[in-house]
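The structure appears right after this line, and notes come after that.
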Amino acid sequence: MKIIGADDVQANTRRGGDIRTLLSPATVGSTSGFMGVATIDPGEVMGEHYHPYSEEFVYVARGELTAVVDGETYSIGAGKAFYLGVESTHRLLNQGSERVEMVFHLGPLAPRPELGHVDLEGPDAAGVDAGAAAAAGPQAPS
């Protein structure tokens, strides 16, 4: 057994917010998915993206999250969870005055780490489509 805390892993802020993948192939040798925590400060946005291979499960532990999923806008408060299917585009915003804290899980793993997310906005927007991503061979994300 291995115990990992948010302070034990490096923050990923590339898409906006503070994302920390706690349990993953790189940290615990998982083979079916990964989970972590994320925070979004007031006024902050996590850029629109999608996962061509993975479903995502999100639990909002604190704050009020605005999620734009496949063009529809939802307000999700603390104590609520939501599901994002494979290829669901999503953009997460904090339009409130309190920090949003979330727990997330994605599975199954993408064939390779760089294929796990397709950014549609922001500095790393790839514009890659899922069909092109599917042409690559298997490898778990780190």
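Worth pointing out:
- Each residue in region 99-117 was checked for being touching a Ser or Thr at 6+ places or on another chain (Cβ under 7 Å) and over 12 Å from His51 (Cα atoms), and 3 pass.
- Residue check for Leu92: more than 28 Å from Lys2 (Cα to Cα), more than 13 Å from the chain's Cα centre (by Cα), hydrophobic (A, V, I, L, M, F, W, C) and surrounded by 15 or more Cβ atoms within 10 Å (Cβ to Cβ): no
- Among (1) over 16 Å from the mean Cα position of the chain (by Cα); (2) crowded, with 16+ Cβ neighbours inside 10 Å - the single one Val69 does not satisfy: (1)
- Of all residues in region 67-87, those that are more than 16 Å from Val100 (Cβ to Cβ) and modelled with pLDDT of 95 or more have Cβ atoms under 6 Å from Cβ atoms of residues that are hydroxyl-bearing (Ser, Thr, Tyr) and assigned to a strand (DSSP E or B), 6 or more apart or on another chain, in Glu87/Tyr50.
- For region 120-138, the condition of being of a type in the set (Gly, Ala, Ser) and at pLDDT 90 or above holds for none of the residues.
- Looking only at region 1-19, and only at residues there that are among the β-branched types (Val, Ile, Thr) and part of a loop (DSSP other than H, G, I, E, B), the one that is surrounded by the fewest Cβ atoms within 10 Å (Cβ to Cβ): Ile3
- Residue in region 42-53 that is surrounded by fewer than 18 Cβ atoms within 10 Å (Cβ to Cβ), of a type in the set (Ser, Thr, Tyr), over 17 Å from Asp18 (Cβ atoms) and at pLDDT 95 or above present: no
The values are calculated or read from the model by the stated rules, or taken from the named source; none is laboratory data. This structure is a prediction, so every number in the text was calculated from the model and none was measured. Virtual Cβ from ideal backbone geometry, glycine too; neighbours counted across all protein chains shown.
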